[in-house]
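The values are calculated or read from the model by the stated rules, or taken from the named source; none is laboratory data. Just so it is clear, the model here is predicted, and its values are computed rather than measured. All Cβ positions, even for glycine, are placed from backbone atoms using ideal geometry, and neighbour counts span all protein chains on display. To get the accessible areas, we keep the full protein, side chains included, count just its heavy atoms, and leave off ligands, DNA and RNA. Shrake-Rupley method; radii C 1.70, N 1.55, O 1.52, S 1.80 Å.
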Amino acid sequence: MANFHVPPYAPPAAMFNTVSGYAGTVAGGGAMAAPPAASFHTPLYAPPAAMFNIVPGYEGTVAGGGGAYIPPPPPSVPMPVPEQAPNTPDWHIPSISEDRAREAFATYVSSKCCYSSDPVSEGVITNMESFNTYRYRLETFIEFRSTEWSQEPYTGQPVDAGVQPAPGPGQSAAQPPAFFQEHKQTIKVPYTSSVKNCDLCQGKGRNPCTKCAGSGKRDCMLCNGSGYRESDKRCVNCSGSGRKNCSPCSGRGSCQCDTCRGKGKLLIFININVKWSIDKDEFVAQDSSGLKVEKLEEVSGKELYKDAQYMVYPVRGFPDASVAQASERLVRDHQGKYAQTSRILQQRQTIELIPVTKVNYMWKGKPYVYYVYGNEFKVKAVDYPDQCCCSVIIIPESSVADRHKGQPA
(Lines give C-alpha, C1' and ligand atoms only; values in the text may rest on other atoms or scores of the structure.)
Protein backbone atom coordinates (compact mmCIF):
# COMPACT_ATOMS: atom_id res chain seq x y z
CA MET A 1 0.00 0.00 0.00
CA ALA A 2 1.36 3.39 -0.94
CA ASN A 3 2.39 5.77 1.83
CA PHE A 4 1.22 9.37 1.84
CA HIS A 5 4.39 10.82 3.27
CA VAL A 6 3.74 14.49 2.63
CA PRO A 7 0.09 15.48 3.21
CA PRO A 8 -1.16 18.84 1.90
CA TYR A 9 -1.07 20.19 5.46
CA ALA A 10 1.24 20.07 8.46
CA PRO A 11 -0.14 17.50 10.95
CA PRO A 12 0.34 18.37 14.63
CA ALA A 13 3.07 16.60 16.56
CA ALA A 14 0.39 15.13 18.86
CA MET A 15 -0.47 12.63 16.15
CA PHE A 16 2.85 10.87 16.58
CA ASN A 17 4.16 8.61 19.33
CA THR A 18 7.57 9.02 20.91
CA VAL A 19 9.74 6.07 19.90
CA SER A 20 13.17 5.46 21.40
CA GLY A 21 15.92 6.16 18.91
CA TYR A 22 13.61 8.15 16.63
CA ALA A 23 13.11 11.33 18.62
CA GLY A 24 13.07 14.33 16.31
CA THR A 25 11.51 12.44 13.42
CA VAL A 26 9.01 14.72 11.69
CA ALA A 27 6.31 14.25 9.08
CA GLY A 28 7.70 14.51 5.57
CA GLY A 29 11.24 13.63 6.66
CA GLY A 30 14.13 15.75 7.81
CA ALA A 31 15.60 13.84 10.74
CA MET A 32 18.86 12.11 9.99
CA ALA A 33 19.65 8.57 11.10
CA ALA A 34 22.95 6.79 10.75
CA PRO A 35 23.19 3.33 9.21
CA PRO A 36 24.67 0.39 11.13
CA ALA A 37 28.09 1.10 12.61
CA ALA A 38 27.70 4.84 12.14
CA SER A 39 26.62 7.81 14.23
CA PHE A 40 23.09 9.02 14.90
CA HIS A 41 22.31 12.47 16.15
CA THR A 42 18.91 14.15 16.32
CA PRO A 43 18.48 17.65 14.86
CA LEU A 44 16.82 20.40 16.85
CA TYR A 45 13.06 20.11 17.01
CA ALA A 46 11.20 20.78 20.26
CA PRO A 47 7.40 20.68 20.32
CA PRO A 48 5.81 20.40 23.80
CA ALA A 49 6.33 16.97 25.35
CA ALA A 50 2.63 16.79 26.27
CA MET A 51 1.78 16.52 22.58
CA PHE A 52 3.25 13.01 22.40
CA ASN A 53 1.82 9.77 23.71
CA ILE A 54 3.70 7.73 26.28
CA VAL A 55 5.10 4.53 24.85
CA PRO A 56 5.95 1.82 27.43
CA GLY A 57 9.71 1.68 27.84
CA TYR A 58 10.24 5.18 26.50
CA GLU A 59 8.78 7.26 29.35
CA GLY A 60 11.89 9.47 29.59
CA THR A 61 12.06 10.19 25.86
CA VAL A 62 11.31 13.80 24.97
CA ALA A 63 10.31 15.42 21.73
CA GLY A 64 13.24 16.40 19.55
CA GLY A 65 15.67 14.15 21.44
CA GLY A 66 17.45 15.65 24.40
CA GLY A 67 18.57 12.29 25.75
CA ALA A 68 22.08 10.91 25.78
CA TYR A 69 24.04 11.48 22.60
CA ILE A 70 25.10 8.24 20.96
CA PRO A 71 28.70 8.67 19.75
CA PRO A 72 29.85 6.85 16.63
CA PRO A 73 31.93 3.71 17.06
CA PRO A 74 35.71 3.93 16.59
CA PRO A 75 36.62 4.05 12.89
CA SER A 76 37.46 0.73 11.34
CA VAL A 77 41.11 0.18 10.55
CA PRO A 78 41.81 -0.01 6.79
CA MET A 79 44.04 -2.56 5.15
CA PRO A 80 47.79 -2.32 5.96
CA VAL A 81 49.51 0.65 4.39
CA PRO A 82 51.20 -0.30 1.11
CA GLU A 83 54.77 0.92 0.93
CA GLN A 84 54.23 2.33 -2.55
CA ALA A 85 51.96 2.02 -5.53
CA PRO A 86 52.41 -1.18 -7.55
CA ASN A 87 55.24 -0.94 -10.03
CA THR A 88 54.22 -0.26 -13.60
CA PRO A 89 56.64 -1.14 -16.41
CA ASP A 90 56.13 2.10 -18.31
CA TRP A 91 54.33 5.22 -17.10
CA HIS A 92 54.63 6.85 -20.51
CA ILE A 93 52.79 6.43 -23.77
CA PRO A 94 54.77 7.08 -26.98
CA SER A 95 53.63 9.77 -29.34
CA ILE A 96 51.21 8.83 -32.11
CA SER A 97 52.44 8.58 -35.67
CA GLU A 98 52.18 11.37 -38.23
CA ASP A 99 49.67 9.39 -40.24
CA ARG A 100 47.44 8.90 -37.18
CA ALA A 101 47.68 12.59 -36.29
CA ARG A 102 46.80 13.64 -39.83
CA GLU A 103 43.87 11.18 -39.95
CA ALA A 104 42.47 12.54 -36.67
CA PHE A 105 42.93 16.10 -37.99
CA ALA A 106 41.06 15.26 -41.21
CA THR A 107 38.17 13.72 -39.29
CA TYR A 108 37.94 16.81 -37.09
CA VAL A 109 37.95 19.24 -40.02
CA SER A 110 35.33 17.26 -41.95
CA SER A 111 32.96 17.68 -38.99
CA LYS A 112 33.16 21.48 -39.30
CA CYS A 113 30.98 22.93 -42.03
CA CYS A 114 33.00 26.14 -42.15
CA TYR A 115 36.47 24.57 -42.33
CA SER A 116 38.27 24.06 -45.63
CA SER A 117 40.23 20.81 -45.98
CA ASP A 118 43.20 22.58 -47.66
CA PRO A 119 45.27 22.90 -44.42
CA VAL A 120 44.88 19.14 -43.95
CA SER A 121 45.94 18.14 -47.44
CA GLU A 122 48.53 20.90 -48.00
CA GLY A 123 49.86 21.44 -44.47
CA VAL A 124 53.29 20.08 -43.56
CA ILE A 125 53.85 18.70 -40.05
CA THR A 126 57.09 20.13 -38.67
CA ASN A 127 57.12 18.78 -35.11
CA MET A 128 55.14 16.53 -32.76
CA GLU A 129 55.47 16.64 -28.96
CA SER A 130 54.05 14.04 -26.58
CA PHE A 131 52.75 15.13 -23.15
CA ASN A 132 51.74 12.76 -20.36
CA THR A 133 48.74 14.07 -18.43
CA TYR A 134 47.58 12.10 -15.39
CA ARG A 135 44.01 12.03 -14.09
CA TYR A 136 43.41 10.81 -10.54
CA ARG A 137 39.87 9.83 -9.57
CA LEU A 138 38.52 8.90 -6.11
CA GLU A 139 35.05 7.42 -5.71
CA THR A 140 33.42 6.76 -2.34
CA PHE A 141 30.31 4.59 -2.11
CA ILE A 142 28.27 5.56 0.94
CA GLU A 143 25.06 4.66 2.75
CA PHE A 144 23.00 7.46 4.27
CA ARG A 145 19.90 7.03 6.45
CA SER A 146 17.18 9.44 7.52
CA THR A 147 13.94 8.88 9.42
CA GLU A 148 10.48 10.34 8.93
CA TRP A 149 7.02 9.92 10.33
CA SER A 150 4.76 8.58 7.59
CA GLN A 151 1.03 8.01 7.39
CA GLU A 152 -1.60 6.29 5.30
CA PRO A 153 -5.39 5.86 5.58
CA TYR A 154 -6.23 3.30 8.24
CA THR A 155 -8.16 0.38 6.78
CA GLY A 156 -7.49 -2.27 9.39
CA GLN A 157 -3.72 -2.71 9.07
CA PRO A 158 -1.86 -4.25 12.03
CA VAL A 159 -1.09 -1.87 14.88
CA ASP A 160 2.07 -2.84 16.77
CA ALA A 161 3.28 0.25 18.67
CA GLY A 162 4.16 -0.74 22.24
CA VAL A 163 4.09 -4.48 21.59
CA GLN A 164 7.86 -4.48 22.05
CA PRO A 165 10.65 -1.91 21.72
CA ALA A 166 11.30 -0.71 18.21
CA PRO A 167 14.71 -1.52 16.73
CA GLY A 168 17.13 1.37 16.57
CA PRO A 169 17.71 3.39 13.40
CA GLY A 170 20.85 1.45 12.59
CA GLN A 171 19.45 -1.98 13.40
CA SER A 172 16.93 -2.28 10.59
CA ALA A 173 18.45 -4.41 7.87
CA ALA A 174 18.65 -2.95 4.37
CA GLN A 175 19.60 -4.72 1.16
CA PRO A 176 22.42 -2.71 -0.41
CA PRO A 177 22.98 -2.80 -4.17
CA ALA A 178 26.23 -3.82 -5.78
CA PHE A 179 29.12 -1.49 -5.03
CA PHE A 180 29.01 1.86 -6.85
CA GLN A 181 25.39 1.53 -7.93
CA GLU A 182 23.10 4.29 -6.67
CA HIS A 183 19.86 3.12 -5.11
CA LYS A 184 17.13 4.07 -2.62
CA GLN A 185 15.09 1.97 -0.22
CA THR A 186 12.38 2.71 2.33
CA ILE A 187 12.07 0.52 5.43
CA LYS A 188 9.00 0.58 7.64
CA VAL A 189 10.16 0.36 11.26
CA PRO A 190 8.31 -2.40 13.15
CA TYR A 191 6.57 -1.65 16.46
CA THR A 192 5.99 2.03 15.65
CA SER A 193 2.53 1.82 14.03
CA SER A 194 -0.42 3.40 15.81
CA VAL A 195 -3.83 4.77 14.82
CA LYS A 196 -4.82 8.42 15.20
CA ASN A 197 -7.80 10.49 14.17
CA CYS A 198 -7.12 12.46 11.02
CA ASP A 199 -6.36 15.97 12.19
CA LEU A 200 -7.40 17.65 8.95
CA CYS A 201 -11.01 16.39 9.09
CA GLN A 202 -11.12 15.86 12.86
CA GLY A 203 -11.85 12.19 12.29
CA LYS A 204 -14.99 12.85 10.23
CA GLY A 205 -13.60 11.70 6.90
CA ARG A 206 -14.95 14.79 5.15
CA ASN A 207 -14.01 18.46 4.93
CA PRO A 208 -16.13 21.53 4.08
CA CYS A 209 -16.26 22.10 0.34
CA THR A 210 -14.07 25.03 -0.60
CA LYS A 211 -16.09 25.79 -3.76
CA CYS A 212 -19.40 26.45 -2.00
CA ALA A 213 -18.05 27.27 1.48
CA GLY A 214 -19.91 24.26 2.84
CA SER A 215 -23.37 25.41 1.74
CA GLY A 216 -23.82 22.79 -0.98
CA LYS A 217 -25.15 25.49 -3.35
CA ARG A 218 -23.57 27.86 -5.84
CA ASP A 219 -24.88 30.73 -7.94
CA CYS A 220 -26.43 29.64 -11.21
CA MET A 221 -23.98 30.30 -14.02
CA LEU A 222 -26.68 31.19 -16.58
CA CYS A 223 -28.50 33.84 -14.59
CA ASN A 224 -25.64 34.77 -12.27
CA GLY A 225 -27.81 33.99 -9.25
CA SER A 226 -30.71 36.33 -10.16
CA GLY A 227 -33.19 33.59 -11.06
CA TYR A 228 -34.15 35.42 -14.25
CA ARG A 229 -32.83 35.73 -17.74
CA GLU A 230 -33.90 37.79 -20.79
CA SER A 231 -37.24 39.61 -20.68
CA ASP A 232 -37.71 38.76 -16.99
CA LYS A 233 -38.19 35.13 -17.83
CA ARG A 234 -37.50 32.68 -15.08
CA CYS A 235 -34.21 30.86 -15.50
CA VAL A 236 -34.91 27.28 -16.55
CA ASN A 237 -31.48 26.13 -15.41
CA CYS A 238 -32.11 26.85 -11.73
CA SER A 239 -35.96 26.99 -11.85
CA GLY A 240 -35.78 30.61 -10.80
CA SER A 241 -33.99 29.95 -7.50
CA GLY A 242 -30.71 31.45 -8.65
CA ARG A 243 -28.85 28.56 -6.99
CA LYS A 244 -27.62 25.17 -8.15
CA ASN A 245 -26.19 22.19 -6.36
CA CYS A 246 -22.42 22.43 -6.05
CA SER A 247 -20.86 19.94 -8.46
CA PRO A 248 -17.59 19.18 -6.59
CA CYS A 249 -19.46 18.10 -3.44
CA SER A 250 -22.71 17.00 -5.18
CA GLY A 251 -24.65 19.40 -3.00
CA ARG A 252 -23.51 17.84 0.27
CA GLY A 253 -21.45 20.83 1.36
CA SER A 254 -18.46 18.62 2.15
CA CYS A 255 -15.91 16.53 0.24
CA GLN A 256 -14.02 13.39 1.09
CA CYS A 257 -10.85 14.13 3.04
CA ASP A 258 -7.85 13.66 0.75
CA THR A 259 -5.53 12.79 3.63
CA CYS A 260 -7.44 9.87 5.16
CA ARG A 261 -9.44 9.05 2.00
CA GLY A 262 -12.67 9.37 3.95
CA LYS A 263 -11.68 6.87 6.66
CA GLY A 264 -11.33 9.43 9.43
CA LYS A 265 -8.30 7.63 10.86
CA LEU A 266 -4.64 7.38 9.92
CA LEU A 267 -2.03 4.73 10.52
CA ILE A 268 1.06 6.56 11.78
CA PHE A 269 4.48 4.89 11.63
CA ILE A 270 8.18 5.59 11.16
CA ASN A 271 10.01 5.02 7.90
CA ILE A 272 13.76 4.80 7.44
CA ASN A 273 14.89 6.16 4.09
CA VAL A 274 18.15 4.57 2.96
CA LYS A 275 20.14 6.09 0.13
CA TRP A 276 23.25 4.65 -1.48
CA SER A 277 25.22 7.18 -3.48
CA ILE A 278 28.63 7.84 -5.02
CA ASP A 279 30.79 10.83 -4.23
CA LYS A 280 33.40 11.38 -6.93
CA ASP A 281 36.34 13.79 -7.13
CA GLU A 282 39.00 14.14 -9.79
CA PHE A 283 42.36 15.80 -10.14
CA VAL A 284 44.16 16.37 -13.44
CA ALA A 285 47.87 17.07 -13.29
CA GLN A 286 48.71 20.20 -15.23
CA ASP A 287 51.00 19.80 -18.21
CA SER A 288 52.82 22.32 -20.37
CA SER A 289 51.15 21.39 -23.66
CA GLY A 290 48.82 24.39 -23.65
CA LEU A 291 45.63 22.33 -24.02
CA LYS A 292 42.91 23.38 -21.60
CA VAL A 293 42.24 20.88 -18.83
CA GLU A 294 38.47 21.11 -19.44
CA LYS A 295 38.93 19.41 -22.82
CA LEU A 296 40.23 16.29 -21.08
CA GLU A 297 36.84 15.68 -19.45
CA GLU A 298 35.60 14.55 -22.87
CA VAL A 299 38.04 11.67 -23.25
CA SER A 300 39.35 8.54 -21.56
CA GLY A 301 42.92 7.44 -20.98
CA LYS A 302 45.00 4.38 -20.25
CA GLU A 303 44.38 3.02 -16.76
CA LEU A 304 47.73 2.80 -14.96
CA TYR A 305 46.59 2.08 -11.42
CA LYS A 306 43.41 0.89 -9.70
CA ASP A 307 42.73 0.20 -6.03
CA ALA A 308 39.37 -0.72 -4.50
CA GLN A 309 38.73 -1.67 -0.89
CA TYR A 310 36.69 -0.69 2.15
CA MET A 311 38.85 2.37 2.82
CA VAL A 312 41.78 3.13 0.56
CA TYR A 313 45.11 4.63 1.49
CA PRO A 314 46.63 7.49 -0.52
CA VAL A 315 48.73 6.54 -3.52
CA ARG A 316 52.44 6.42 -2.74
CA GLY A 317 55.52 6.34 -4.92
CA PHE A 318 53.87 7.82 -7.99
CA PRO A 319 56.25 9.63 -10.40
CA ASP A 320 54.15 12.82 -10.46
CA ALA A 321 54.20 14.32 -6.95
CA SER A 322 51.06 16.40 -7.59
CA VAL A 323 49.02 13.22 -8.13
CA ALA A 324 50.22 11.74 -4.85
CA GLN A 325 49.41 14.97 -3.04
CA ALA A 326 45.92 15.09 -4.57
CA SER A 327 45.33 11.47 -3.55
CA GLU A 328 46.30 12.18 0.05
CA ARG A 329 44.10 15.28 0.21
CA LEU A 330 41.00 13.70 -1.38
CA VAL A 331 41.21 10.47 0.62
CA ARG A 332 41.44 12.48 3.82
CA ASP A 333 38.56 14.74 2.80
CA HIS A 334 36.24 11.86 1.84
CA GLN A 335 36.91 9.79 4.94
CA GLY A 336 36.47 12.79 7.21
CA LYS A 337 33.38 14.10 5.43
CA TYR A 338 31.23 11.02 6.07
CA ALA A 339 32.49 9.93 9.48
CA GLN A 340 29.57 11.56 11.34
CA THR A 341 26.66 11.32 8.92
CA SER A 342 27.06 8.23 6.76
CA ARG A 343 28.78 4.92 6.43
CA ILE A 344 31.49 4.25 3.86
CA LEU A 345 30.92 0.91 2.16
CA GLN A 346 33.68 0.97 -0.45
CA GLN A 347 36.25 3.28 -1.98
CA ARG A 348 37.90 3.12 -5.39
CA GLN A 349 40.79 5.15 -6.78
CA THR A 350 42.26 5.10 -10.27
CA ILE A 351 45.00 6.85 -12.20
CA GLU A 352 44.74 7.30 -15.95
CA LEU A 353 47.35 8.53 -18.35
CA ILE A 354 45.69 10.71 -20.98
CA PRO A 355 47.85 10.99 -24.10
CA VAL A 356 48.20 14.52 -25.45
CA THR A 357 50.13 15.18 -28.65
CA LYS A 358 50.89 18.73 -29.76
CA VAL A 359 51.21 18.90 -33.55
CA ASN A 360 53.00 21.86 -35.14
CA TYR A 361 52.47 22.34 -38.87
CA MET A 362 53.07 24.90 -41.63
CA TRP A 363 50.54 26.07 -44.19
CA LYS A 364 51.20 28.80 -46.73
CA GLY A 365 54.37 29.77 -44.92
CA LYS A 366 52.76 30.27 -41.48
CA PRO A 367 52.97 28.06 -38.36
CA TYR A 368 49.87 26.56 -36.74
CA VAL A 369 49.06 24.09 -33.96
CA TYR A 370 46.51 21.43 -33.18
CA TYR A 371 46.23 18.84 -30.41
CA VAL A 372 45.31 15.16 -30.54
CA TYR A 373 44.29 13.83 -27.13
CA GLY A 374 42.66 10.88 -25.37
CA ASN A 375 42.06 7.32 -26.44
CA GLU A 376 39.41 8.68 -28.78
CA PHE A 377 41.96 10.83 -30.70
CA LYS A 378 39.94 13.99 -30.21
CA VAL A 379 41.34 17.12 -31.89
CA LYS A 380 41.47 20.75 -30.82
CA ALA A 381 42.71 23.17 -33.50
CA VAL A 382 44.02 26.54 -32.40
CA ASP A 383 43.14 29.36 -34.83
CA TYR A 384 42.33 27.12 -37.78
CA PRO A 385 43.66 29.06 -40.77
CA ASP A 386 41.02 28.48 -43.45
CA GLN A 387 37.48 29.15 -42.28
CA CYS A 388 34.55 30.47 -44.28
CA CYS A 389 31.39 32.26 -43.17
CA CYS A 390 28.45 29.91 -42.78
CA SER A 391 25.84 32.53 -42.01
CA VAL A 392 22.31 31.53 -42.99
CA ILE A 393 20.36 34.27 -44.73
CA ILE A 394 16.68 34.23 -43.81
CA ILE A 395 14.40 35.89 -46.35
CA PRO A 396 11.19 37.33 -44.85
CA GLU A 397 7.98 35.85 -46.21
CA SER A 398 6.80 39.32 -47.23
CA SER A 399 9.83 39.69 -49.50
CA VAL A 400 9.13 36.35 -51.14
CA ALA A 401 5.51 37.39 -51.74
CA ASP A 402 6.60 40.72 -53.25
CA ARG A 403 9.00 38.90 -55.55
CA HIS A 404 6.17 36.80 -57.00
CA LYS A 405 3.82 39.71 -57.53
CA GLY A 406 2.98 40.25 -61.16
CA GLN A 407 4.34 36.88 -62.26
CA PRO A 408 1.95 34.76 -64.32
CA ALA A 409 0.36 31.87 -62.49
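Quick rundown of the values:
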| quantity | calculated |
| --- | --- |
| GLN202-VAL293 FRET efficiency (beta carbon distance; Förster radius 45 Å; 0.05 resolution) | 0.10 |
| Whole-number accessible area per residue in Å² for region 217-334, which is evaluated in the context of all protein chains at 1.4 Å | 57 Å² |
| Under 18 Å from the GLN157 label point (7 Å along Cα→beta-carbon), backbone N, region 260-291 | 260-274 |
| Pairs beyond 24 Å (Cα-Cα), from LYS211/LYS233; LYS196/LYS217; LYS275/LYS337 | LYS211/LYS233; LYS196/LYS217 |
| Additional length obtainable on full extension of the chain from GLU98 to ARG252, 0.36 nm per residue less Cα span | 46.9 nm |
| Cut-off 10 Å between beta-carbons: net charge of the residues surrounding ARG243, Lys and Arg +1, Asp and Glu -1 | +2 |
| Simple spin-label estimate for GLN335 and HIS183 in nanometres, 7 Å along Cα-Cβ | 2.7 nm |
| Amide H contacts under 5 Å for LYS378, placed H, 5+ residues apart | TYR373 |
| With every protein chain in place, region 128-286: carbon and sulfur % of accessible area (1.4 Å) | 44 percent |
| By accessible area with a 1.4 Å probe, ligands and nucleic acids excluded, highest first: order of TYR228, TYR338 | TYR228, TYR338 |
| In Å², nearest 10: area of HIS183 left accessible to a 1.4 Å probe | 90 Å² |
